[in-house]
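Beneath this line is the structure, given in structure tokens, with notes to follow.
Each reported figure results from applying straightforward, stated rules to the coordinates on display, with no laboratory input. Model, not experiment: these values are computed from the prediction. Please note: Cβ atoms are built from the backbone with ideal geometry, for glycine as well, and neighbour counts cover all protein chains shown.
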């Protein structure tokens, strides 16, 4: 993970320590994906941000224009002795978003809301490819999975007001309607992973 550590150091993301690992995922508005993973046991920190684009240090407005190629993403620092990357993927594909929606998620439309997994190394790529193939063979969804699988080039943390947005604004109508049901779905589908405390983000 040395190259990933240097990449995180260069672009301001959370720095893994010891045996910690990192997953970067995009599944629509980052508020909801972040909210889900902040309730997952074994997750150390979650940061909302941007990945998959061309501009260095993009702003929310830059990404929202659709011209930089970035997707709203979350960076998940996790303890692999408590949760595997494979289990992270299971939560992502079954709870955090709908991987069959192309360039949109729920009420949000545009390439910045696309479904994507940005893999850090060959092991993560293999895990993603194998899992997507399993879901496809099992016909887990009525429509094809459209998740982009791409190498992680850089991750840029979003502005401070986006961090822990759902935890800080639980009565926001968008959160109530779109994101709290995902957290409840996590609790029902993965009770062994669910934890009540949700505030884990750090920069």
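Suppose R0 equals 22 Å. What FRET efficiency, 1/(1 + (r/R0)^6) with r the Cβ-Cβ distance, do residue 149 and residue 108 give to the nearest 0.05? Computed FRET efficiency for residue 149 and residue 108: 0.55.
Taking a point 7 Å from the Cα of residue 100 along the Cα-to-Cβ direction, the residues of the stretch 24-55 with backbone N closer than 20 Å to it are 26-29. Note on Kirkwood radius over Cα pairs in Å: of the candidates (i) 18.5; (ii) 19.5; (iii) 16.7, the value calculated from this structure sits at (iii). So, in Å, what gap is there between the alpha-carbon centers of the stretch 80-116 and the stretch 143-177? Cα centroid to Cα centroid, the span is 10 Å. Taken along the Cα-to-beta-carbon direction at a fixed 7 Å, the label points for residue 184 and residue 125 span 4.1 nm. Ordering 160, 79 by the number of other Cβ atoms within 10 Å of each residue's own Cβ, fewest first, gives 160, 79. Relative to the current alpha-carbon distance between residue 90 and residue 174, full extension at 0.36 nm per residue lengthens the span by 27.8 nm. Sorting the segments 48-56, 188-196, 136-144, 148-156 by their residues' average number of neighbouring beta-carbon atoms within 10 angstrom, most packed first, yields 48-56, 148-156, 188-196, 136-144.
Starting with the highest mean, order 176-186, 110-120, 29-39, 85-95 by the number of other Cβ atoms within 10 Å, averaged over the residues of each peptide.
My ranking of the peptides, most packed first, is 29-39, 110-120, 85-95, 176-186.
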